[in-house]
Amino acid sequence: MLRKKTTVSLLSTALASALILTGCGSSGTNESSANTAANSAAGTATNASPNGAATNANAKPVEFNFYFTGSQNVKELWDTIIPAFEKQSPDVKVNEVYIPSGTGAQPTIDRILAAKQAGKGSGDIDLYEDGLSVVTQGQKDDLWETLGTDKIANLSNVDPQTMKDVSNLAVPYRSSAVVLAYNSDKVKTPPTTLDALYDWIKGNPGKFAYNDPSTGGAGNSFVVTSIYKSLPEAAIHESDPSIEKQWDQGFALLKELNKSVYGNGIYPKKNQGTLDLLANGEVDMIPAWSDMVLEQVSKGLLPETTKMTQLTPGFNGGPTYLLVPKLSEKKDAVYKFLNYVMSPDAQSVVVNKMHGFPGIELSNMPQDIQDSFKGVAEGFRSFNIGELGDDINKRWQSDVAAQ
Amino acid sequence: MSKKMKMGVLGLLLVTPSFLVLLVIVVLPIVLSFKESLKNKSGGYDLSNYEYLFTDKLMRSNIIFTLEVTVISCVLVLIISYALAAFMRFSQGMAVRWIKRLYMIPLFIPSVIATYGLIQLLGNHGWANRLLLAAHMGQLPRIIFDIKGIIIASLWFNIPFTTMLLGSALTAIPNSIVESAKDVGAGRLQIFFRFILPMTYKTLLVAVTFVFMGVIGSFTAPFLLGPNAPQMLGVSMEQVFSVFHEKEQAAALAFFTFLLCSGLGYFYIRSMIAEESVKNALLG
């Protein structure tokens, strides 16, 4: 008896919510100026073509799954952008699947690959966010859809070179870079080249710190940049182990710096570790992620006097990409969403909320944003050395930390 | 079925759930990681990972460092906890009341927060140093990013529970024993070494086991407070596993840590069994 009752109430709830959903859908689309007549017709007609959903706005929104990973700030970013997008385009619904960083980014690409190999489309993953290495990894298996301005109009705002770097397989929607953060009270003229930086470190013993490279990208970038300093420029895109023989000079340099860095060779853990030292004044200069510095200055965690500069040649940096699995069945809806993400509106959210660099060219952004990134959002380099990074960390641990 | 047999079956049934849980979450993982640790680079099985563990300079110094931290922490924790527990048992007054109220507090503070608290307090620019500086009393030696930091953190994490354990053992000692010993003229030290210490020896062993295992497997504090090299085994394991992606070496390291702990566990269980058989002999 009781069970029957539950079923009935469940059914009626489902029915009611379905009604509400359709109601929302049609009233929402009615507001948009285009296709009003078509929409209200589609709302009642049962034979509306399902595949015309994105362009011909069916009353029932197309829902697609968006997998992304990262820290809490990434989640907050999407929690802001997605509702704004859904308000503007009621015919598309984005289903966020957030995977906290360190818990399963690798399985997501494995899932896409496994679904493809099993002939099951894209495994219900319609949009995916990750870094350069995943783009190249999936490229080998032909996982990603080629994107262009014909599908996503706002891609015209993106630097064509950035798109070419990933063979148009991904949308670089934001980026950040490792920069040199320093206390401008103590350091009047920050170094602008690597050699000048080394001189500064030796001239100011204990006043520079970089974090343990295996625990955070900022320290890692300092180490990698130092190792590749004396190597040809093309080497930073080389992932063949034969190049490891040429690392000796770089490691010798890092070893030598050991006695001049903070605490005669202390490398705090995590990117935040060195930022803490900068905040309490124990050191005056550190390599750090630009978005972390900007955010912590704006929250008052770092003093106002904290400034940033990029070296030439620059530290590691680069975009975070949005990828569309080739076998996704809801590409039209995804394109619509991507188009919104690359609009100056959504990009302003990236800048204001995350303190990231916009994915579109700065000239498309408001003037005040352009000013705030002067000298910082440029000059960084994208290192793509694959699994050699593991070997660098390993060798750093034995050669530099435990010398 | 005889009554005895029925009781036996019931006993087995009661033990089964805990045995299954133990099997799935303890025994199987150990067997699996042992198997993993024997895999070599070419896919075969040998002891190369263990060889690396004991021949690599870095790994050897990690192992020595870990044992050093663990042994020093164990000794200090036991001395301090025993003193605290004995003080609370045999004295009265304001100080005892306050210690009783306060000594459990560290148990309720999450380890990450406690660790950052220690950094704030004892760091180079922490407030302990700032106070000393204001009072023109020089500077503390480097504590954070050093072995001292890890030991201080282990003291903070382990003293409350150990004190509690030893406290309950000391409470179990009847006052009459102490008093009658006094009556026949035993001195304070004699009472302690002849009566109190032997009567709490078992609990002491339990406490050593807990502290040893807690410190040897610690991660948060050594990760945030420790030096970059040598590292404690927990930190090194994490690095080998998730940064260097050397699953087999990490497994070897984990299995070695397990062996160290089970060595101590052996003494613990042996003394427990000895106690049981004494009891049985007395009762039977």
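The set of residues in the stretch B:96-143 being closer than 19 Å to B:PHE219 by Cα and aromatic (Phe, Trp, Tyr) consists of B:PHE108, B:TYR116.
B:GLY187 fulfils the conditions (1) touching a Phe, Trp or Tyr at 6+ places or on another chain (Cβ under 8 Å); (2) more than 30 Å from B:SER42 (Cβ to Cβ) except for a single criterion, (1). Looking only at residues of the stretch A:243-273 that are of a type in the set (D, E, K, R) and either within 29 Å of the chain's Cα centre (by Cα) or within 13 Å of chain B (Cβ to nearest Cβ) (or both), we find that the one that is surrounded by the most Cβ atoms within 10 Å (Cβ to Cβ) is A:LYS269. Residue check: is B:PHE193 within 14 Å of another protein chain (Cβ to nearest Cβ) and free of Cβ contacts under 8 Å to residues at least 40 places away in the same chain? Here the answer is no, as B:PHE193 does not meet what is asked. Restricting attention to the stretch B:166-187, does a residue exist that is in contact with a Lys or Arg (Cβ under 8 Å, 6 or more places away or on another chain), more than 14 Å from chain A (Cβ to nearest Cβ) and among the polar types (S, T, N, Q)? Scanning the stretch B:166-187 turns up at least one residue that is in contact with a Lys or Arg (Cβ under 8 Å, 6 or more places away or on another chain), more than 14 Å from chain A (Cβ to nearest Cβ) and among the polar types (S, T, N, Q). State whether one or more residues within the stretch B:224-233 are more than 14 Å from chain A (Cβ to nearest Cβ), buried (at least 17 other Cβ atoms within 10 Å of the Cβ) and assigned to a helix (DSSP H, G or I). Yes - at least one qualifying residue is present in the stretch B:224-233.
Just one residue in the set A:SER328, A:SER363, A:SER348 is in contact (Cβ under 8 Å) with a residue 24 or more places away in the chain and not acidic (Asp, Glu); that residue is A:SER328. When B:GLY149, B:GLY123 are screened for being within 14 Å of chain A (Cβ to nearest Cβ), under 24 Å from B:ILE216 (Cα atoms), modelled with pLDDT under 90 and surrounded by 17 or more Cβ atoms within 10 Å (Cβ to Cβ), only B:GLY123 passes. In summary, A:ASP371 fulfils each of the numbered conditions (1) within 14 Å of chain B (Cβ to nearest Cβ); (2) closer than 30 Å to A:TRP78 by Cα; (3) exposed (fewer than 14 other Cβ atoms within 10 Å of the Cβ) with the single exception of condition (1). Return a yes/no flag: does the stretch A:314-322 have any residue that is more than 29 Å from A:GLU233 (Cα to Cα) and either assigned by TED's automatic domain parsing to the domain that holds A:TRP144 or out of contact with any Ser or Thr (no Cβ under 8 Å at 6 or more places or on another chain) (or both). Taking every residue of the stretch A:314-322 in turn, none turns out to be more than 29 Å from A:GLU233 (Cα to Cα) and either assigned by TED's automatic domain parsing to the domain that holds A:TRP144 or out of contact with any Ser or Thr (no Cβ under 8 Å at 6 or more places or on another chain) (or both). When you check A:MET285 against the structure, is it assigned by TED's automatic domain parsing to the domain that holds A:LEU194 and closer than 22 Å to A:GLU129 by Cβ, yes or no? No, not satisfied. If you go through the stretch B:1-56 and keep only what is charged (D, E, K, R) and part of a helix (DSSP H, G or I), you end up with B:LYS3, B:LYS4, B:LYS6, B:LYS35, B:GLU36, B:GLU51.
Restricting to the stretch A:200-242, and then to whatever is aliphatic (A, V, I, L, M) and touching a Leu at 6+ places or on another chain (Cβ under 7 Å), can you tell me which residue is surrounded by the fewest Cβ atoms within 10 Å (Cβ to Cβ)? It comes out as A:ILE201.
The values are calculated or read from the model by the stated rules, or taken from the named source; none is laboratory data. Since this is a predicted model, take the numbers as computed values, not measurements. Using ideal geometry, Cβ is built from the backbone for each residue, glycine included, and neighbour counts are taken over all protein chains shown.
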